[in-house]
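Taking it in order: structure first as structure tokens, then the write-up.
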Amino acid sequence: MGQGKLKASKIILVNSENKFLFYLRDNKPQICYPGYWDLIGGEAEKGENALDCVKREIIEEIGITITDIEFIERVYEPEVNTELSIFSGKIDAKVEEIYLREGQRAEYFSLEQIRGLHTVEIFKKAILGSLEKILR
């Protein structure tokens with residue numbers, strides 16, 4: 001019997017300058033999307049709902065508590081057979097204050113920069129398709 005869909009949560013974090021936080025994934029061939037810019041988040045643990053997953057992942061990956069998290073959409077990423085719950089939230093930390101626990105580095109990007117960013121297309125579509133909701 002084939003393995004079922006994975007469930008994961010990601011968060012679009014935006015600062016007061018309307019720049020979006022991404023982190024550069026490690027460039028290891030054994031991981032999915034090596035060397036891509038990624039949103040904070042990850043795979044849900046057994047029995048964990050999408051919101052609890054994203055809250056846990058934020059703490060694990062950058063050690064910052066984010067409040068006012070808002071659901072954006074649920075999408076399917078066939079490349080990795082994963083159902084992604086995408087959220088948005090505000091972040092005030094400067095990039096040099098972010099202690100990244102995985103990946104190579106964190107960086108903020110403007111909307112214009114995201115259009116050409118080496119990231120998963122689903123993330124670009126989620127940001128561009130939900131700008132009004134994300135930036136309010």
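The values are calculated or read from the model by the stated rules, or taken from the named source; none is laboratory data. A quick note: this is a predicted structure, and the numbers were derived from the prediction, not measured. Heads up, the Cβs are rebuilt from the backbone with ideal geometry, glycines too, and the neighbour counts pull from every protein chain shown.
Here is how the numbers come out for the structure above:
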quantity: Yes/no for Ile66 being of a type outside the set (S, T, N, Q), modelled with pLDDT of 95 or more, at negative phi and under 15 Å from the mean Cα position of the chain (by Cα); calculated: no
quantity: The range 58-117, residues that are touching a residue at least 40 places away in the same chain (Cβ under 8 Å), in a helix (DSSP H, G or I) and among the acidic types (Asp, Glu); calculated: Glu60, Glu61, Glu79
quantity: Pair list, Cβ under 8 Å, 6 or more apart: the range 4-30 residue on the phi > 0 side of the Ramachandran plot, other residue loosely packed, with under 13 Cβ neighbours inside 10 Å and modelled with pLDDT of 95 or more; calculated: Asn18/Ser110
quantity: Per-region count, the range 71-92, residues of a type in the set (A, V, I, L, M), modelled with pLDDT of 95 or more and farther than 17 Å from Leu131 by Cβ; calculated: 1
quantity: Whichever residue in the range 101-117 is in contact with a strand residue (DSSP E or B) (Cβ under 6 Å, 6 or more places away or on another chain) and more than 17 Å from Ile91 (Cβ to Cβ) and, among such residues, is surrounded by the fewest Cβ atoms within 10 Å (Cβ to Cβ); calculated: Gln104
quantity: Near pairs, Cβ below 8 angstrom, 6+ apart or cross-chain, from the range 31-55 (closer than 21 Å to Gly89 by Cα) to any residue that is loosely packed, with under 13 Cβ neighbours inside 10 Å and polar (S, T, N, Q); calculated: none
quantity: Hey, Val95 surrounded by fewer than 19 Cβ atoms within 10 Å (Cβ to Cβ), under 19 Å from Leu6 (Cα atoms), in contact with a Leu (Cβ under 9 Å, 6 or more places away or on another chain) and β-branched (Val, Ile, Thr) or not; calculated: no
quantity: Single residue of Lys125, Lys133 found to be under 15 Å from the mean Cα position of the chain (by Cα), of a type in the set (Lys, Arg) and assigned to a helix (DSSP H, G or I); calculated: Lys125
quantity: Verdict on Arg56 being modelled with pLDDT of 95 or more and loosely packed, with under 14 Cβ neighbours inside 10 Å; calculated: no
